[in-house]
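Quick note: the coordinates plus some simple rules give every number you see, no bench work behind them. What you see is a predicted model; the values in this text were computed from it and never measured. No Cβ is skipped: glycine too gets one built from the backbone with ideal geometry, and neighbour counts run over all protein chains shown.
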Amino acid sequence: MARLYSNENFPLPVVRRLADLGHDVLTTVDAGKAGVAIPDADVLIYATELGRAVLTLNRKDFIRLHLQSSDHAGIIVCTFDADFGAQAARIADLLKTCSDLKGQLIRVNRG
């Protein structure tokens with residue numbers, strides 16, 4: 001199962017469902033970093049230090065960071081989907097196809 005770090009803007013119901021599916025998801029609240037407005041580059045560095053792929057809705061900035069360097073533990077960029085269960089299922093299905101997230105940019109779009 002994947003080790004993930006959910007960015008502050010990521011929907012908590014999706015995080016909970018991914019955890020129910022067996023993924024190890026650390027939130028910014030769990031990490032004591034909520035409400036601090038940490039720059040995206042620092043979020044990526046922190047997640048990489050922990051060996052966790054970033055889970056985010058902030059597509060533009062994290063795609064840019066990936067294009068600058070693929071030296072990270074993975075980035076999963078998603079479009080917002082109010083059907084949180086379906087979004088979690090799409091993410092989980094994609095994670096099944098990835099043996100290693102290191103250096104990967106994964107895009108998860110609305111169904």
Exercise for review: Scan [x] 43, 32, 27; [y] 35, 27, 23; [z] 29, 29, 23 for the value of Cα extents along the principal axes in Å calculated from this model and give just the label.
Suggested key: [z]
Revision key, fill the gap. Computed, not fitted: 222 nm per-residue ellipticity of the chain from DSSP H runs ≥ 4 (each -39500 (n - 2.57)), nearest 500, equal to -11500 deg cm²/dmol
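Going highest first, how would you order 31-39, 99-107, 70-78 by mean Cβ packing within 10 Å?
70-78, 99-107, 31-39
For a quick check: sort L21, L55 by the number of other beta carbons within 10 angstrom, fewest at the front.
L21, L55
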